[in-house]
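Report on one structure; see the data block that follows.
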Protein chains: 2
Amino acid sequence: MSAAENRVLMRSMGQNSIVQPLLTDLYQITMAYAYWKAGKHHGNAVFDVYFRKNPFNGEFTIFAGLEECLKFLETFRYSDSDIAYLKQILPACIEEQFYEYLASLTADEIKLYAVKEGTVVFPRVPMIRVEGPLIVAQLLETTLLNLVNFASLMTTNAARYRLAAGKLKLYEFGLRRAQGPDGGLSASKYSYVGGFDGSSNVLAGKLFNIPVKGTHAHAFITSFKCLEELNTSTLVPKQGGTTGDFLGNTLRWREKLSQLLNIVLSEVNNGELAAFVSFATAFPDGFMALVDTYDTVRSGLLNFCAVALALHDFGYRAIGIRLDSGDLAYQSQVARNYFNKIASEYSLPYFSELNIMASNDINEETILSLNEQGHCINSFGIGTHLVTCQKQPALGCVYKLVELDDEPRIKLSHDVAKVTIPGKKNVFRLYGHQFSLIDLLQRPDEVPPTNNQKVLCRHPFQESKRAYVIPSKVEDLLILFWSNGKICQKLPNLQEIRDNVHHNLSILRNDIKRSLNPTPYKVSVSDNLYHFLHDLWLDNAPIGELS
Amino acid sequence: MSAAENRVLMRSMGQNSIVQPLLTDLYQITMAYAYWKAGKHHGNAVFDVYFRKNPFNGEFTIFAGLEECLKFLETFRYSDSDIAYLKQILPACIEEQFYEYLASLTADEIKLYAVKEGTVVFPRVPMIRVEGPLIVAQLLETTLLNLVNFASLMTTNAARYRLAAGKLKLYEFGLRRAQGPDGGLSASKYSYVGGFDGSSNVLAGKLFNIPVKGTHAHAFITSFKCLEELNTSTLVPKQGGTTGDFLGNTLRWREKLSQLLNIVLSEVNNGELAAFVSFATAFPDGFMALVDTYDTVRSGLLNFCAVALALHDFGYRAIGIRLDSGDLAYQSQVARNYFNKIASEYSLPYFSELNIMASNDINEETILSLNEQGHCINSFGIGTHLVTCQKQPALGCVYKLVELDDEPRIKLSHDVAKVTIPGKKNVFRLYGHQFSLIDLLQRPDEVPPTNNQKVLCRHPFQESKRAYVIPSKVEDLLILFWSNGKICQKLPNLQEIRDNVHHNLSILRNDIKRSLNPTPYKVSVSDNLYHFLHDLWLDNAPIGELS
């Protein structure tokens, strides 16, 4: 599907229809009225979107959701029915003129800067900076946070699975357990962005052009009780010619293999074989079998191999098996061992390469543990843990006012992690020859760092922590994406965002990416910003703070 | 808004537009083809929807999402564009006739039985039973599970908060951290169903007629730096008459109160006071103030009380405060102490009753711990932990084939929890005089239990566990909701479902509902079903199982 067709389709389906100005917290509207009454609504505000802590006990996060934010800005407008609803729920004292004003609002006067979608980001680094009339900028808060938080969390989660799984294939299988229909759709989309190879979600495939995967479930296997239920037991060979007795061929192979693999034939389930034969005759070039319904080692594998060899006789090649319960490492090794024996006994080298997929309650730790134990799995189907981000189901992005009418604003807190870095800031990523070294936040009027020039980078809160850095490359992270009521950059497609994630992770040091005790990436401030921050803190701190 | 208007609105907004047949796993479609090829698609199938373990380490679950399932059945039909997409991604070997058949499918031949939405349910109890042509029943699986899983999880989570909070007010504030726009909307809806008093989510209010709440955020407070920024510092008295100097009045009160409450005036933040005055003059009858931006005890509370007393002079009554950081128990006690002092000093009894809301990272355990410590909080605003169900972000509902063409199906597993109870089953809830006692699953041809007649209830897997029960009341839990292509019951509105949750929890014993080490509720099978299950198990078990 072309991008244009896709847009038309998505619009006609109302994909984004609930992303609208009322998808917000009521206090945004009450604040808007108070700003309006106070005559502050035109004030020129700067808000930063950032988080305070990386998710999943990790030390990196991937920014995603930008395109959805920009599309929200395009359509930001209160409808007549929205205004009517607000009149119904807000106090009668609200002046009619305010509603007229609200109905006239658009995002045209907003400027939105952001890092590129798919970029690695770190605590305190503004991922988005929103500038413009206080009232509009404030009214955007909840919706923008909603759109960024889950998209970034999901992409980061998927990227962590990708790092754990190395070159193995990863498929997202979580729709049934996701947080609602759209939670499932977003999970499919952003797990692909984070590095998954595809999804079982057909609608996600249709809407986002993501590869879709799937074979059959246990219900398919148990729907067959015996071989007599088969109404199709013949198959036309791949090269054409006369229809042959596929079931007969399969049964002959099963008898032979039971000797080769030393499996008691009387223990093998015939309903399962009927299901496999049925599926193989429907998809002779796509035969992937779920082998654990009765007993993987004593039944499923033998039935699969018999069908796969019969398919071979008819000129087709089976794809592989799926394991959905039990000891995945052990079963995958038994399966690979069977496949190797057959490959060697019948001189069929491709049999050694048959795909083994595992899909039972897999999470990042399971994959890392399987890697340690040794296994013969080629691909993982991952559901619940991935799509709900079970390890940490929310990212804590916040939207903080840092400047109003050129005056910096600071939010103080006893908890230093909650103190905002005031004022509009530029963000630079400084690179060494291979990896990114450090992020540097500066005041907007400072001279930006340049290649091969040393620059002082300070810890924002600990005076003694500072160092000179000589970058080989400098990247200005915040790019203007929205201005004058329009998206002002060419937006990347999903594949390009996915490539950006891959690229970003490739230039991040391994010790920062690792799962166990990762090293924090450094986010620093310029000397100028350091003093600006601490002077303002002092000006605003109550006297009691000194104690 | 009337129900009809609401339906029109929701439809026009495409609220449910992504709930469509392609919102499914690909393997449902590949299985459908294999069934069709095998001539099994017309087989009369029975699928049960149930879960194996209650969420949140609890012993109960609330069933929700039924209305969304039924609406999905109403619109279940593959569109031309769906079929075109499937042709694109499925193997070329698939016969054209299958696509024609797929395009003709509807849910008209399906019968859907379910327990009433808002009913308490337990492991293994079928919440939904789907009967009908194998191919259609199978194609519904993923979407139905998606719609039931999060709705039930969210409702259960909310109900647990409700039990923990007793009579205190509970508001859902989680939109910004929810799993996507629809995740947020579902969270608002089902937390109301589970017993919350309202939400901050304006769109949820508009769509579902849920009470909406909200005042202002820290950004509002920090947007004011000093009193000079106020452009409105006057107010018209509630009874009418001449506009008075509201700010002046507030400042006089603040000075008096600083002595009464022994607070150093020089430490009190004037930007905060300006924000409060501004908000109070905009909402003189709805003044609820966020008091923790600078320092709750040394600044926020004094500023709030000054404004509240000034409002009183003008004939208005303040609502209360919100605490969003720090030690909530302690701060709420200080606040209540201040309010009491003022109430007594100026003979304003209502001041003692001012609302204290707490909203910082609250979860079920926080509420239980605050209850133990003692606190003076009246209401909680709850975000992340509630809406993402952080303690357990997914419910494991499954959809299992239990019968095909009148023959029972069983899925065996080394893990006894994963063994399905085969065959179509009726479900009865047996009541004592006050509480529900036990659930009983029977084969469909058995005589149902009746009031005051003893009936044998057996543990499904442990032979020695069985008992006679004499119920004072018997409820047949599974009701036919969908038949002949139509919803065949009057559906309750959201308020009625919420009432049903409340009623259901009121007849469940406290030891089953409690948070710490709850007692499991008993789910039993009839003697007949017990033997049916175990005979079938024996017939299907491989010989090796005996070892």
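Only a single criterion out of (1) modelled with pLDDT of 95 or more; (2) over 30 Å from residue B:134 (Cα atoms) is not satisfied by residue B:395, namely (2). The number of residues in segment A:351-362 being open to solvent by 10 Å² or more (accessible area, probe 1.4 Å) and farther than 14 Å from residue A:325 by Cα comes to 3.
Where residues in segment A:198-221 are without any contact (Cβ under 8 Å) to a residue 60 or more places away in the chain and of a type in the set (S, T, N, Q), which of them is surrounded by the most Cβ atoms within 10 Å (Cβ to Cβ)? Among residues in segment A:198-221 that are without any contact (Cβ under 8 Å) to a residue 60 or more places away in the chain and of a type in the set (S, T, N, Q), the one surrounded by the most Cβ atoms within 10 Å (Cβ to Cβ) is A:201.
Before we move on, is residue B:231 under 45 Å from the mean Cα position of the chain (by Cα), at pLDDT 95 or above and in the same structural domain as residue B:345 (by TED's automatic domain parsing)? Considered against the rule, which asks whether it is under 45 Å from the mean Cα position of the chain (by Cα), at pLDDT 95 or above and in the same structural domain as residue B:345 (by TED's automatic domain parsing), residue B:231 comes out as no. When segment A:276-312 is filtered for residues that are β-branched (Val, Ile, Thr), under 34 Å from the mean Cα position of the chain (by Cα) and in a helix (DSSP H, G or I), only A:296 remains. The helices (runs of 4 or more DSSP H) located wholly in segment A:7-108 that include 2 or more residues which are more than 9 Å from chain B (Cβ to nearest Cβ) occupy A:66-75, A:80-89, A:96-104. When B:480, B:508, B:491 are checked against the criterion of being assigned by TED's automatic domain parsing to the domain that holds residue B:55, within 25 Å of residue B:66 (Cβ to Cβ), among the aliphatic types (A, V, I, L, M) and exposed (fewer than 14 other Cβ atoms within 10 Å of the Cβ), B:480 stands alone in meeting it.
Note on segment A:349-396: residues that are in a helix (DSSP H, G or I) and aliphatic (A, V, I, L, M) amount to 5.
If the condition is being more than 13 Å from residue A:419 (Cβ to Cβ), modelled with pLDDT of 60 or more, part of a helix (DSSP H, G or I) and within 11 Å of another protein chain (Cβ to nearest Cβ), then segment A:530-547 contributes only A:539.
Here is a yes/no grid of residues against (1) buried (at least 24 other Cβ atoms within 10 Å of the Cβ); (2) among the small types (Gly, Ala, Ser):
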{"position": "A:149", "(1), (2)": "yes, no"}
{"position": "A:153", "(1), (2)": "yes, no"}
{"position": "A:179", "(1), (2)": "yes, no"}
{"position": "A:184", "(1), (2)": "yes, yes"}
{"position": "A:223", "(1), (2)": "yes, yes"}
{"position": "A:241", "(1), (2)": "no, yes"}
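Of everything in segment B:310-350, what is crowded, with 22+ Cβ neighbours inside 10 Å, without any contact (Cβ under 8 Å) to a residue 60 or more places away in the chain and in contact with a strand residue (DSSP E or B) (Cβ under 6 Å, 6 or more places away or on another chain)? Give them in sequence order. Residues satisfying the conditions are B:321, B:323, B:328, B:331, B:332, B:335. Can you confirm whether segment B:127-147 contains a residue that is open to solvent by less than 10 Å² (accessible area, probe 1.4 Å) and part of a loop (DSSP other than H, G, I, E, B)? Yes, the conditions are met somewhere in segment B:127-147. One residue stands out in segment A:371-404 among those that are over 16 Å from residue A:177 (Cα atoms) and polar (S, T, N, Q): the one that is least open to solvent (accessible area, probe 1.4 Å), namely A:379. Within segment B:222-275, the only residue that satisfies the criterion of being in contact with a Ser or Thr (Cβ under 8 Å, 6 or more places away or on another chain), within 25 Å of residue B:336 (Cα to Cα) and aromatic (Phe, Trp, Tyr) is B:246. For residue A:265, the criteria (1) open to solvent by less than 40 Å² (accessible area, probe 1.4 Å); (2) away from every other protein chain (no Cβ under 11 Å); (3) among the aliphatic types (A, V, I, L, M) hold in every case but one, which is (1).
Of A:271, A:315, which residue is touching a Lys or Arg at 6+ places or on another chain (Cβ under 8 Å) and either on the phi > 0 side of the Ramachandran plot or part of a strand (DSSP E or B) (or both)? Give the derivation first.
Values: A:271 fails: either on the phi > 0 side of the Ramachandran plot or part of a strand (DSSP E or B) (or both).
Result of the check over A:271, A:315: A:315.
Checking each residue in segment A:49-77 for being open to solvent by 10 Å² or more (accessible area, probe 1.4 Å) and of a type in the set (Ser, Thr, Tyr) picks out A:50, A:75. Taken over segment B:283-298, the criterion of being modelled with pLDDT under 95 and among the small types (Gly, Ala, Ser) is satisfied by B:286 alone.
Anything in segment B:166-177 that is open to solvent by less than 10 Å² (accessible area, probe 1.4 Å), more than 7 Å from chain A (Cβ to nearest Cβ) and aliphatic (A, V, I, L, M)? List them, or say none. Walk me through it before giving the result.
Going residue by residue through segment B:166-177, those that are open to solvent by less than 10 Å² (accessible area, probe 1.4 Å) are B:170, B:172, B:174-175.
So of that shortlist, the ones also more than 7 Å from chain A (Cβ to nearest Cβ) come out as B:170, B:172, B:174.
Within segment B:166-177, just B:170 meets the criteria.
When A:486, A:522, A:465, A:513 are checked against the criterion of being closer than 30 Å to residue A:372 by Cα and either hydroxyl-bearing (Ser, Thr, Tyr) or more than 14 Å from chain B (Cβ to nearest Cβ) (or both), a single residue qualifies: A:513. Does residue A:475 qualify as being at pLDDT 95 or above and either outside the structural domain of residue A:67 (by TED's automatic domain parsing) or closer than 22 Å to residue A:519 by Cβ (or both)? For residue A:475, the condition - at pLDDT 95 or above and either outside the structural domain of residue A:67 (by TED's automatic domain parsing) or closer than 22 Å to residue A:519 by Cβ (or both) - is met.
Would you say residue A:415 is open to solvent by 30 Å² or more (accessible area, probe 1.4 Å) and within 30 Å of residue A:541 (Cα to Cα)?
Values: open to solvent by 30 Å² or more (accessible area, probe 1.4 Å): yes; within 30 Å of residue A:541 (Cα to Cα): yes.
The answer is yes for residue A:415.
Does residue B:287 qualify as being within 10 Å of chain A (Cβ to nearest Cβ), among the aromatic types (Phe, Trp, Tyr) and either open to solvent by 30 Å² or more (accessible area, probe 1.4 Å) or under 23 Å from residue B:360 (Cα atoms) (or both)? Lay out the reasoning, then the answer.
Working: within 10 Å of chain A (Cβ to nearest Cβ): no; among the aromatic types (Phe, Trp, Tyr): yes; either open to solvent by 30 Å² or more (accessible area, probe 1.4 Å) or under 23 Å from residue B:360 (Cα atoms) (or both): yes.
No; evaluated as a whole, the condition is false for this residue.
From the list B:513, B:490, the one residue that fits, being over 27 Å from residue B:460 (Cα atoms) and not aromatic (Phe, Trp, Tyr), is B:490.
Mind counting the residues in segment B:244-261 that are more than 28 Å from residue A:401 (Cα to Cα) and either within 14 Å of chain A (Cβ to nearest Cβ) or small (Gly, Ala, Ser) (or both)?
Qualifying residue count for the region: 3.
Look at residue B:402 and say whether it is within 14 Å of chain A (Cβ to nearest Cβ), among the hydrophobic types (A, V, I, L, M, F, W, C) and either in contact (Cβ under 8 Å) with a residue 60 or more places away in the chain or closer than 30 Å to residue B:515 by Cβ (or both). So that I can check it myself, show each step before the final result.
Working: within 14 Å of chain A (Cβ to nearest Cβ): yes; among the hydrophobic types (A, V, I, L, M, F, W, C): yes; either in contact (Cβ under 8 Å) with a residue 60 or more places away in the chain or closer than 30 Å to residue B:515 by Cβ (or both): yes.
For residue B:402, the condition - within 14 Å of chain A (Cβ to nearest Cβ), among the hydrophobic types (A, V, I, L, M, F, W, C) and either in contact (Cβ under 8 Å) with a residue 60 or more places away in the chain or closer than 30 Å to residue B:515 by Cβ (or both) - is met.
The values are calculated or read from the model by the stated rules, or taken from the named source; none is laboratory data. This is a predicted model, so every value here is computed, not measured. Here the Cβ is made from the backbone with ideal geometry for all residues, glycine too, and neighbour counts use every protein chain on show. Ligands, DNA and RNA are stripped out before the accessible areas are found, and what is left, the full protein with its side chains, is counted by its heavy atoms. Shrake-Rupley method; radii C 1.70, N 1.55, O 1.52, S 1.80 Å.
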